[in-house]
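Notes follow once the structure below has been shown.
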Ligand SMILES: [Zn+2]
């Protein structure tokens with residue numbers, strides 16, 4: 001068996017990801033509802049747990065369908081939050097989950113990899129990078145090749161305009177409905193916890209709060225440590241989800257870059273140029289078990305500090321809050 005196919009064995013359950021989430025919802029009084037249809041007509045699902053009068057935590061994954069490990073990391077995280085030991089946390093929150101933001105890309109990758117073909121499909125079925133399809137904070141483009149491109153052939157194509165895609169509109173409808181206090185989007189890779197801004201280089205006015213919650217995440221990780229970083233210091237992005245949630249709803253919006261490629265695992269030239277191999281560890285379990293306690297700890301800290309400092313808003317607030325203590 002080729003290395004590509006054997007690595008996929010760890011991820012093949014993702015073919016049935018909707019059923020996995022439905023079973024989890026049914027076992028924990030979760031509510032599943034459709035929030036749209038993907039470009040190719042697949043149902044976009046939202047799953048809710050807990051009391052909707054409590055602060056909303058919005059968790060999502062597989063916005064980029066080649067980042068397979070992100071899907072398992074979110075599943076492991078929600079299972080951990082639903083476990084008996086975290087009952088107190090669950091009683092205090094409204095969990096809103098979008099397990100597969102970009103199902104067309106996920107299935108395209110799984111089918112190609114299953115056929116032992118090279119695959120690195122990041123965008124939706126129309127070639128749009130969903131994480132460049134949110135409203136931009138600045139009219140200026142960035143020179144950086146990953147920041148977002150107007151070229152439809154680019155892997156970072158931002159689409160004809162903000163919310164041009166059904167997948168980003170589904171995320172928007174969840175955000176408008178629930179106005180999340182905190183958002184955690186699972187991606188891969190880098191062992192990083194990123195926060196806004198990704199489009200501006202000046203420090204975010206709420207850097208103190210972002211760092212405080214980020215440190216709670218890092219301290220609780222049992223394994224490899226993550227670095228908390230303003231996303232712009234990783235690379236600039238224009239039109240990403242976190243900047244939009246942060247400015248539109250005052251959401252504390254994080255991106256979890258799950259796992260870190262091991263150079264010695266990927267030294268063979270063929271793998272070095274195969275993003276699938278370095279974005280998705282051969283053994284995803286340990287990377288996923290590592291992040292779950294971090295997210296629990298971040299959520300607990302958020303409940304301690306945010307409701308006092310960030311009253312939930314019902315109207316759009318274009319201005320970021322002043323710097324926190
Ligand atoms: Zn991603």
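The values are calculated or read from the model by the stated rules, or taken from the named source; none is laboratory data. Remember, predicted model here, so these are calculated numbers, not experimental data. Counting neighbours? That spans all protein chains shown, and the Cβs are built from the backbone with ideal geometry, glycine included.
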Exercise for review: Could you identify the single residue in 176, 213, 209 that is without any contact (Cβ under 8 Å) to a residue 12 or more places away in the chain and more than 16 Å from the ligand (Cβ to nearest atom)?
Suggested key: 176
Exercise for review: Could you pull out the residue among 44, 74, 68, 59 that is more than 16 Å from the ligand (Cβ to nearest atom) and either over 19 Å from the mean Cα position of the chain (by Cα) or modelled with pLDDT of 95 or more (or both)?
Suggested key: 44
Check your understanding: Out of (1) within 14 Å of the ligand (Cβ to nearest atom); (2) more than 27 Å from residue 292 (Cα to Cα); (3) touching a strand residue (DSSP E or B) at 6+ places or on another chain (Cβ under 7 Å), what's the single condition that is false for residue 133?
Key -> (3)
